Amino acid sequence: PGQPPAAGGDKKPESLLQLSISDADILLSFDLRWSDEIYRQLIAPPLFATLNATKGKMAVYAAEVPMQGLSEVVQRLAAQRKAFPAGTVLPRTSEASRYGLTRPPRSRVSFFYELLPLLGHNEVASQIDPQLPWYDEKNLSAAEVWLPQVLCPWYPTSEWRASSPLVPDGRLVGATHFVAIAGVGLDAARYDPKNPEFARKVGITGYDWGSTIEEITDGLDKTIYLMQTAPGLSQPWLAGGGATVRGLNETDPLDGFRHTFGTPDGKPGTFALMANGDIRFIPADIDKKVLLAMATRAGSEPLPDLDRHAPLIYPKRTREAAVSTTPQPAGSSSSTAETVPLPKPEQPKAEQPSPPPPSRNASPADAALPVAPAPRAVQNE
């Protein structure tokens, strides 16, 4: 007692690096030790990002029927909640630093946060504070999670993650290949549905508004809720704004959507999820007026023979079960037309480069960001 501690007794072990040479071999050995702060700031983020990416890949590979999970969620929204959420989560209070103004849509948490419980991701939802920007450090761990239901298994695996200049240190987050359709026009997500000028042009979801099933007077089975985008756009699933909500270009409605990945017989086009859960193939040569009419909730445009213009895509057995068990709101009908089966995705053997990015179909302020063939770190704004 009272004696100084033995040498090294209370001293934390330091990291060790040794270099030695044996004949023609150079041997390098190391023993790394770090503090809790170093672990939290430097080690844990990339470690858990890698684990989330691996878990995400396995979940995508395990999916039996692409888009079926999203289809079931859309059916439950209509049958149980009787409404579709706004495209972004509006903060309850304005930030003092913004002089009473709310954050712009691209900074908010996207509507996918509202769908997480229905997608079976309650744990991910519990990690998100929707009152903070989606790219806040407290939300990034959740943003890095991959949601297999919103990823296209036919796209190169490099497309399953996204980058953003709003995310620090070039961290990659989970992507989405599906966006909500706001209506007709690149600025449709900003329309006020109560304004008579826009009442017949709005879709189901805008930045600040959603829709009840009563407001979708064109019919749930004739109104698009989500559409699949083409590869080449970096779209974080947790990001609000143009990354997850988009209006259709009146001149070229399929701009930013057409592709040939997993389409019937490799035909150019894309897939759409209707408000009743139907999955339809939108061919590239569809009549523009028909597609624009499908994008509005109360446009009152007649859509005769819709199955010919945009055939149903769904496994017949599953589709029949959905029709028999899902309540159909007023103004909606369920088609029993013969469906086109989806090919089952094959697990890619190696990560492939992405195709060149398509034209961006979004308003200039909130457009999705084009990415290079392989994701890389981006500079902070």
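Just so you know, all these numbers are worked out from the coordinates, no wet-lab data involved. In this text the structure is predicted, and so the values were computed from the model without any measurement. Glycine also receives a Cβ, built like all others from the backbone with ideal geometry; neighbour counts cover every protein chain displayed.
Considering only Cα-Cα distances, which of the following residue pairs are longer than 27 Å: 194/267; 82/288; 194/222? It would help to have the intermediate numbers written out before the result.
Numbers: 194/267 39 Å; 82/288 29 Å; 194/222 21 Å.
As for pairs spanning more than 27 Å Cα to Cα, those are 194/267; 82/288.
Using 0.36 nm times the number of residues separating residue 31 and residue 305, minus their current alpha carbon distance, what extension gain do you get?
Details: separation 274, 0.36 × 274 = 98.64 nm, distance 6.92 nm.
Gain on extension, residue 31 to residue 305, equals 91.7 nm.
Can you tell me the FRET efficiency between residue 137 and residue 82 if r is taken as the Cβ-Cβ distance and R0 is 35 Å, rounded to the nearest 0.05?
Details: r = 36 Å, r/R0 = 1.03.
FRET efficiency, residue 137 to residue 82: 0.45.
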